[in-house]
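Structure first, commentary second.
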Amino acid sequence: YKTLVQEALKQVTDEPSLLSVLRLLRQQSMVRLIWRDLTRKATMQQTVLELSWMADALIDGALEVLYQQACDRWGTPMHVCETTGEKQQQRMVVLGMGKLGAHELNLSSDIDLIFTFPEKGETEGAKRTLENQEFFIRLGQKLIHALDTMNGEGFVFRVDMRLRPFGSASPLALSFAAMEHYYQDQGREWERYAMIKARVMGSEMYPQYQELRQMLRPFVFRRYIDFSAIQSLRRMKSM
């Protein structure tokens, strides 16, 4: 799927063409997957796994195109390392949650996403600079629009962002430090279990994802388990 998406996205020249290419790819893939499912050429496990792979490739491909367009328009987000003074380019990390994170996406699933980025700073290379957070909020809005908007060619996926810290009340994109602070101080039990399924979209972000994973690990996997944790899990399952 990744190679197929990368080749198709070479045709993209602007935002309307991006939406068109993404929807055509989705339609072609869904026809093949549904046909294989109906004719029993694939098992249910194979179908949900391939659907998740397709979503990974479409999200990652769309993000790459939109990131380059955003850098051309608003400058490249940077962070200056306090210890070395070196400038480091910042990229947005997209976490897939729920069925997408667990490779269990079905034919009618929406996708649950969380947007985050490593460090604060500001953009360089444009007439007017932006704070990194504002840059990634705008980039996240562009990504949601590319995937979720219904037009004459349909849509790619319905996008749900409510699993992020503070839900709809929070900014669309948060830094790693803000994510760590929230989960350590205010994270709820269901968020602990939900984060077990979290998975980064796109292999290019793997080193940064490991950094984030280490930050969140003490929240997700507590050092000590007591009866209150077991009771909270029972209550959640009973709901």
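The values are calculated or read from the model by the stated rules, or taken from the named source; none is laboratory data. Since we're looking at a predicted model, the values are computed, not measured. Using ideal geometry, Cβ is built from the backbone for each residue, glycine included, and neighbour counts are taken over all protein chains shown. The protein model used for the area step is the full one, side chains on, heavy atoms only, and it has no ligands, DNA or RNA in it. Shrake-Rupley method; radii C 1.70, N 1.55, O 1.52, S 1.80 Å.
Projecting the Cα atoms of T43, N106, T76 onto the charge dipole of the chain (Cβ charges, centred on the Cα centre) puts T43 farthest toward the positive pole.
Here's the list of aspartates and glutamates a cross-link from K142 could span, going by alpha-carbon distance under 12 Å and ignoring same-chain residues fewer than 8 apart: E15, E64. Annotation for the range 152-239: chymotrypsin sites (Phe, Trp or Tyr not before Pro) lying in DSSP loop with at most 13 further Cβ atoms inside 10 Å of their Cβ are F166, F221, Y224. Rolling a 1.4 Å probe over the heavy atoms of the protein chains gives the range 1-103 an accessible area of 53 Å² per residue.
Each Lys and Arg contributes +1 and each Asp and Glu -1, all at the Cβ; summed about the Cα centre of the range 1-142, the dipole is approximately 560 debye. Counted residue by residue at 0.36 nm each, then reduced by the alpha carbon distance between them, the extension gain from H145 to L24 reaches 42.0 nm.
Where Lys and Arg each count +1 and Asp and Glu each count -1, what net charge lies around D226 among other residues with Cβ under 15 Å from its Cβ? Computed value for this residue: +4. One chain, two ends: A229 and K120. Fully extended at 0.36 nm per residue, the span grows by 35.8 nm beyond their Cα-Cα distance. For the range 87-184, the square roots of the Cα gyration tensor eigenvalues, ordered a ≥ b ≥ c, give a/c of at least 1.5 with a/b no greater than b/c, which places it in the oblate category.
Note that the range 110-149 presents 45 Å² accessible area per residue, ligands and nucleic acids not counted, probe 1.4 Å. Database remark: amide H of K120 closer than 5 angstrom to no amide H (H placed geometrically; neighbours at sequence offset of 5 or more, or on other chains; Pro and chain starts carry no H). Calculated mean residue ellipticity at 222 nm for the chain: -17500 deg cm²/dmol, from DSSP H runs with n ≥ 4 weighted as -39500 (n - 2.57), summed, divided by the residue count and rounded to 500.
Here the chain is treated with +1 on each Lys and Arg Cβ and -1 on each Asp and Glu Cβ, and its dipole about the Cα centre works out to around 860 debye. Note: relative contact order over the chain, using C-alpha pairs below 8 Å and six or more positions apart, is 20 percent. What a 1.4 Å probe finds exposed on the chain is 53% carbon and sulfur by accessible area, rounded to a whole percent. Net charge in the neighbourhood of K2 (other residues with Cβ under 9 Å of its Cβ; Lys, Arg +1, Asp, Glu -1) is -2.
Peptides 66-78, 112-124, 40-52, ordered by how many other C-beta atoms sit within 10 Å of their residues on average, highest first, read 112-124, 66-78, 40-52. With R₀ set to 45 Å, the beta-carbon distance separating T83 from L38 gives a calculated FRET efficiency near 0.20. Taking a point 7 Å from the Cα of V220 along the Cα-to-Cβ direction, the residues of the range 114-142 with backbone N closer than 20 Å to it are 114-119.
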